[in-house]
Amino acid sequence: MQCYMHDSAYHETPKGSCLESVKIAIDTGYRHIDGAFVYFNEHEVGQAIREKIAEGRIKREDIFYCGKLWNTCHPPELVRPTLEKTLKILQLDYVDLYIIELPMAFKPGDALYPKDENGKFIYHETDLCATWEAMEACKDAGLAKSIGVSNFNRRQLEMILNKPGLKHKPVSNQVECHPYFTQPKLLEFCRQHDIVIVGYSPLGTSRDETWVNVSSPPLLKDPVLNAIGKKYNKTAAQVALRFSIQRGVVVIPKSFNPQRIRENFQIFDFSLTDEEMKEIAALNKNVRYVELLIWPGA
Ligand code: A2P
């Protein structure tokens, strides 16, 4: 269950929709909630979790909440206060996973998307290893049960893994991953290092032109996914999610629609054959949907 948006200016979630969606998701059986400070809805996520605990439906330890360190907060001295701010908003004592959202840093300050007079993002010299040490301290302090990263490539992962005196390695790397962008090399590298890949946009995104490459065809219209779905009486979305979990990729589908939230959970009562897995893997186009304006060079 992903509760997200990519740039507050464009993707603010309508008030209350996140609260309702998280409650429906928890009732449906979801336990992994993918959030972030920059989604501006952590207060709703926290409220949903607390209400469900109060109802006696779940215990805190049943929930796996992932929070994210934003780009403006990479300086080591900002890491713990930033996580503490998230915990205050959530009204929780700890997050289950805290991850560095992106490997590149922005200029610290109140502006979450700092830009210069030409409208270009203002980056900040960053030492990822120093940021990582501050993340390790958050884990040692019990504020995060586990720590990880997001949008890291192999070189950036290696920088952390090879850091002298590494205390805790990243447990996961959250990256875009779905049948059109299967990330075979990164997946293999992460497997070798016991790093779980968490796949965002597992359904091919919401195709919002402000941050999505819409020239790439819609994943859920894919004939192969639909034909395989027909065989199992499942939708293309369910087949795409099943494909990912069957190859060991954690999925965080996003939906604010109760029916689709439930649909995306109905993926544990069928399995794809080896042939079908190969057929779907062959759909890989090596093209990402998510065109974050903040990718370097963009
Ligand atoms: P909605 O919120 O209206 O359900 P991703 O997880 O890859 O980022 O995709 C999210 C997009 O996919 C959202 O636009 C969401 O819209 C839509 N979506 C979520 N679940 C399904 C589904 N089962 N079938 C079709 N579209 C879906």
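The values are calculated or read from the model by the stated rules, or taken from the named source; none is laboratory data. In this text the structure is predicted, and so the values were computed from the model without any measurement. For neighbour counting, all protein chains shown are included, and Cβ atoms are generated from backbone atoms with ideal geometry for every residue, glycine included. To get the accessible areas, we keep the full protein, side chains included, count just its heavy atoms, and leave off ligands, DNA and RNA. Shrake-Rupley method; radii C 1.70, N 1.55, O 1.52, S 1.80 Å.
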Report task. Test Asn213 against the stated conditions and say whether it is of a type outside the set (Val, Ile, Thr) and at pLDDT below 95. Result -> yes
Query raised in the report: Restricting attention to the stretch 1-36, and to residues there that are at pLDDT below 95, part of a helix (DSSP H, G or I) and not hydrophobic (A, V, I, L, M, F, W, C), which single residue is surrounded by the most Cβ atoms within 10 Å (Cβ to Cβ)?
Result: His11
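Quickly run through the stretch 37-79 and pick out the residues that are outside any helix (DSSP H, G or I) and of a type in the set (Val, Ile, Thr).
If we filter the stretch 37-79 for residues that are outside any helix (DSSP H, G or I), which is where we start, we get 40-41, 55-59, 63-70, 74-75.
Hits for the stretch 37-79 are Ile58, Ile63.
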Query - Output for the stretch 223-244, where each listed residue is within 12 Å of the ligand (Cβ to nearest atom), touching a helix residue (DSSP H, G or I) at 6+ places or on another chain (Cβ under 9 Å) and touching a residue at least 60 places away in the same chain (Cβ under 8 Å) - result: Ala240
**Report entry** Count of the stretch 194-210 residues which are open to solvent by less than 50 Å² (accessible area, probe 1.4 Å) and either within 11 Å of the ligand (Cβ to nearest atom) or farther than 19 Å from Gly35 by Cα (or both)
**Finding:** 9
Report task. Read through the list (1) within 21 Å of Ser17 (Cα to Cα); (2) at pLDDT 95 or above, then give the number of the only condition that Tyr39 fails. Result -> (2)
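Which fully enclosed helices (runs of 4 or more DSSP H) of the stretch 218-298 have 1 or more residues being aliphatic (A, V, I, L, M) and open to solvent by 40 Å² or more (accessible area, probe 1.4 Å)?
Numbers: elements: 223-232, 236-246, 258-263, 274-281.
The qualifying helices (runs of 4 or more DSSP H) are 223-232, 236-246, 274-281.
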Requested in this report: Working only within the stretch 131-185, note down all residues that are of a type in the set (Gly, Ala, Ser), open to solvent by less than 10 Å² (accessible area, probe 1.4 Å) and touching a helix residue (DSSP H, G or I) at 6+ places or on another chain (Cβ under 9 Å).
Outcome: Ala144, Gly148, Ser172
Query raised in the report: Within the group Glu136, Glu176, Glu158, which residue is among the charged types (D, E, K, R), under 26 Å from Ala105 (Cβ atoms) and in contact (Cβ under 8 Å) with a residue 60 or more places away in the chain?
Result: Glu176
**Report entry** Extreme residue, farthest from the chain's Cα centre (by Cα), among residues of the stretch 38-66 that are open to solvent by less than 40 Å² (accessible area, probe 1.4 Å) and of a type in the set (A, V, I, L, M, F, W, C)
**Finding:** Ile58
Query raised in the report: For the stretch 217-249, what are the residues that are out of contact with any strand residue (DSSP E or B) (no Cβ under 9 Å at 6 or more places or on another chain) and among the polar types (S, T, N, Q)?
Result: Asn226, Asn233, Thr235, Gln238, Gln246
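In the stretch 75-91, what count of residues is obtained for those that are under 10 Å from His43 (Cα atoms), touching a helix residue (DSSP H, G or I) at 6+ places or on another chain (Cβ under 7 Å) and open to solvent by 20 Å² or more (accessible area, probe 1.4 Å)? Write out each step before concluding.
Residues of the stretch 75-91 that are under 10 Å from His43 (Cα atoms), as a first pass: 86-91.
Those still in the list that are touching a helix residue (DSSP H, G or I) at 6+ places or on another chain (Cβ under 7 Å) too: 86, 89-91.
Now narrow it down to the ones that are open to solvent by 20 Å² or more (accessible area, probe 1.4 Å): 89, 91.
Residues in the stretch 75-91 being under 10 Å from His43 (Cα atoms), touching a helix residue (DSSP H, G or I) at 6+ places or on another chain (Cβ under 7 Å) and open to solvent by 20 Å² or more (accessible area, probe 1.4 Å): 2 in total.
Looking at the stretch 245-262 only, could you name the residues that are touching a residue at least 40 places away in the same chain (Cβ under 8 Å) and within 13 Å of the ligand (Cβ to nearest atom)? Full working, then the answer.
So the first thing to find is which residues in the stretch 245-262 are touching a residue at least 40 places away in the same chain (Cβ under 8 Å), and the list is 247-256, 258, 261-262.
Once the filter is applied, which keeps residues that are touching a residue at least 40 places away in the same chain (Cβ under 8 Å) and within 13 Å of the ligand (Cβ to nearest atom), the stretch 245-262 yields Val249, Val250, Val251, Ile252, Pro253, Lys254, Ser255, Phe256, Pro258, Ile261, Arg262.
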